[in-house]
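Worksheet for the structure shown next.
The values are calculated or read from the model by the stated rules, or taken from the named source; none is laboratory data. Note that the structure is a prediction, hence the values are computed from the model and not measured. Counting neighbours? That spans all protein chains shown, and the Cβs are built from the backbone with ideal geometry, glycine included.
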Amino acid sequence: MRLTDRHRGPDFCPDCGEKIKWVRLISDMWIAVNEEPVLFIPGEGRRWLVEYLNWDAVILKDCLIYEPFKGMNRTKVKKGYMPHVWTCGK
Ligand SMILES: [Zn+2]
């Protein structure tokens, strides 16, 4: 599975069989993400996540996944989607 695709794909990952969600990007491409949102802090990391939207979303390239009980700044925490390709079990 590629990171983005021109067309919306199947509801289940063809590689690992997990249920996936498709988000329409502002670039007119589609991206498969995990259904369960993740918490992150924007601008403080290097991970690529997807904006918490169903369409007109952008890929956020500087995210830090929020981990509780580690003294991270909770006031900046936002919700987003994890691209499925990076957690795909295959
Ligand atoms: Zn998969």
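General remarks:
- Residue that is more than 15 Å from Asp5 (Cα to Cα) and crowded, with 17+ Cβ neighbours inside 10 Å, where the choices are Val38, Val50, Val77: Val38
- Residue check, Ile65 modelled with pLDDT of 95 or more, closer than 23 Å to Gly89 by Cα and buried (at least 16 other Cβ atoms within 10 Å of the Cβ): no
- Hits in the range 1-16 - residues which are within 13 Å of the ligand (Cβ to nearest atom), more than 18 Å from Val58 (Cβ to Cβ) and exposed (fewer than 15 other Cβ atoms within 10 Å of the Cβ): Pro10, Asp11, Phe12, Pro14, Asp15, Cys16
- From the list Glu44, Glu18, the lone residue that is closer than 30 Å to Gly71 by Cα and of a type in the set (Asp, Glu) is Glu44.
- Qualifying residue in the range 17-38 (condition: within 10 Å of the ligand (Cβ to nearest atom) and part of a loop (DSSP other than H, G, I, E, B)): yes
- Summed over the range 39-61, residues that are aliphatic (A, V, I, L, M) and outside any strand (DSSP E or B) total 2.
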